[in-house]
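The values are calculated or read from the model by the stated rules, or taken from the named source; none is laboratory data. Treat the numbers as computed from the prediction; the structure is a model and nothing was measured. Cβ placement follows ideal geometry from the backbone for every residue including glycine, while neighbour counts extend to all protein chains displayed. The area values use the complete protein model at the heavy-atom level, side chains included, leaving out ligands, DNA and RNA. Shrake-Rupley method; radii C 1.70, N 1.55, O 1.52, S 1.80 Å.
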Amino acid sequence: MRLPHRDDRGTVHVYGDALDGFHVSHESASGNSWGEQHGPFARGADAITAAYALNRDVYRGECNVAVSDSAVQDGCPGVGLPSVPGDF
């Protein structure tokens with residue numbers, strides 16, 4: 001079940017591409033600071049898995065998770081891009 005975006009929580013981001021690799025990092029709720037960068041991951045699916053594991057293991061599952069279109073495309077080929085903001 002997908003949870004709505006929560007403005008009072010930080011966000012675990014998945015970003016990058018297949019050429020330079022995919023990365024995962026945590027942004028604070030204020031947007032003023034970033035945590036350690038994890039990666040590069042060769043596959044989008046691996047980075048997405050790492051992002052959800054980081055959220056679960058470090059942030060008690062309370063953070064938002066934002067996955068770039070490039071990671072979705074690489075991690076789930078053939079599924080297509082999200083059609084509206086927040087779809088994943």
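Computed from backbone phi, the HN-Hα couplings of the stretch 49-62 come to 4, 4, 5, 5, 5, 4, 4, 5, 7, 9, 10, 6, x, 8 Hz, rounded to whole numbers (Karplus: 6.51 cos²θ - 1.76 cosθ + 1.60, θ = phi - 60°; Gly and Pro given as x). Rolling a 1.4 angstrom probe over the protein heavy atoms with all chains in place gives the stretch 10-50 an accessible area of 53 Å² per residue. Placing R56, R43 in order of accessible area, with the largest value first and a 1.4 Å probe, yields R56, R43.
Net charge in the neighbourhood of D74 (other residues with Cβ under 11 Å of its Cβ; Lys, Arg +1, Asp, Glu -1) is -2. Here the gap between A53 and Q37, fully extended at 0.36 nm per residue and compared with their Cα-Cα distance, gives a gain of 4.4 nm.
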